[in-house]
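Here is the structure we will look at, set down as C-alpha cells.
The values are calculated or read from the model by the stated rules, or taken from the named source; none is laboratory data. Quantities reported herein were computed from a predicted structural model and do not represent experimental measurements. In this analysis, Cβ positions are derived from the backbone assuming ideal geometry, glycine residues included, and neighbour counts consider all displayed protein chains. Calculation scope for accessible area: heavy atoms of the full protein, side chains included, ligands and nucleic acids excluded. Shrake-Rupley method; radii C 1.70, N 1.55, O 1.52, S 1.80 Å.
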Amino acid sequence: MSADPLLQSQVPGHTPRRGKVRDVYDLGDTLVIVATDRISAFDWVLPTPIPGKGQILTQMTLFWFKWLNIPNHLISANLSDLPPAFQREELEGRVMLVKKATVVPVECVARGYLLGSVWKEYQRHSTVCGLALPKGLRLAGKLPEPLFTPATKAEDGAHDENITFEVMSKAAGADTAAELKAKTLDVYRRAAAHAESRGIILADTKLEWGRLPSGELILIDEVLTPDSSRFWPKDRYREGESPSSFDKQFVRDWLEASDWDKASPPPVLPEGVVNSTLDKYREALDRLTS
C-alpha cells in the first residue's frame, strides 16, 4: 500500500468528475472510479488526506461485491485491464473499471441502531423518517428491526435529507421503491450478520443502486466501507453511549470538539488524528475480510 497520499488523480487526456472522495472518468460505455485519500465530514472535504484510505475503501468494496454475490457494476480492478493512460503506479489498488448505469436518484440507507440524524428526529417525535417507533429507546440503541430510511441524493457539497418511503415512491415509482427497499435490507441483514461474526456491529449503511440499459438493478459505487457505514467494536458497545467506531466518526468527534464553525473551510487534522483514523480503517478491513 502506497505511503504517499493521493489527494487528486491526474490522467493525461482525461478530465474527471471529482466527488468528495472519488474521481470518476467517463470512457463512454464504462467508467473508471479512483478512490483518493480525501476524507469528508459535515459536507466538507477536509484539507488533510488519510494516506492509503482509498486503497482500503477499494479493497473493502471488492470484498463485499464478491461476498454478497449480487449483480454489481464491477468489470475489473486490475490496472492491466484499463486503458494505457490509466496504468499509473499511483492508481494501483484504488481503481475500478465499471459498467455505466443510470443512477437511482435516492440514497438507500438501512439502519439497525439509533444514532445520527435519526436519533435527533426520534428525540423530537418518536419517529425515524416518519416511521413510528416505541418510546424509551436510547442513544445507539438497537432498533426493533432494521429500517429502510431513504434520503435525497444531494449534489456534491450539499446535505442529503431524510425522506419518507412514500415520498421516495412518488419520486422513483412504487415498484422501484419496493425493490430498492427489499434489496437494501437484504444486503444490510447479511452484512450485519457477517460483521457480528467478526466482532463488529454494522449500525447502518448507505447503498447506491443503478439500472443497466436492460433494466436490471445493480449495486454501484462503494459498498459497506467505513465511509458509507457505521462500524462499532462489539466488545466496547454500550447502549446509551456514543460508541467508539471503526469509521470516520472519530474525525467527526474531533471536529465537533474543535472551535470550527462548519461554515468556513475546515481545519487541518493533527497527525495523531490522521494516524488513528487510518488504524481504524485498517482494523475494520482486516477483521471483515479475514
The condition from (1) open to solvent by less than 10 Å² (accessible area, probe 1.4 Å); (2) touching a strand residue (DSSP E or B) at 6+ places or on another chain (Cβ under 6 Å) that VAL109 misses is numbered (1)
In this structure, is VAL251 outside any strand (DSSP E or B), over 20 Å from TRP119 (Cα atoms), touching a helix residue (DSSP H, G or I) at 6+ places or on another chain (Cβ under 9 Å) and modelled with pLDDT under 95? no
Scope the range 66-105; condition under 27 Å from SER290 (Cβ atoms) and aliphatic (A, V, I, L, M); matching residues: LEU68, ILE70, LEU74, ILE75, ALA77, LEU79, LEU91, VAL95, MET96, LEU97, VAL98
Of all strands (runs of 3 or more DSSP E) fully inside the range 181-237, the set with 1 or more residues that are within 18 Å of ASP286 (Cβ to Cβ) is 200-211, 229-233
So ARG211, is it among the basic types (Lys, Arg), under 20 Å from the mean Cα position of the chain (by Cα) and open to solvent by 30 Å² or more (accessible area, probe 1.4 Å): yes
Among the residues of the range 166-178, are any in a loop (DSSP other than H, G, I, E, B) and open to solvent by less than 30 Å² (accessible area, probe 1.4 Å)? yes
Give the number of residues within the range 39-57 that are buried (at least 20 other Cβ atoms within 10 Å of the Cβ) and charged (D, E, K, R). 1
Let me confirm something: among ILE56, ILE75, which residue is assigned to a strand (DSSP E or B), touching a Leu at 6+ places or on another chain (Cβ under 9 Å) and in contact (Cβ under 8 Å) with a residue 12 or more places away in the chain? ILE75
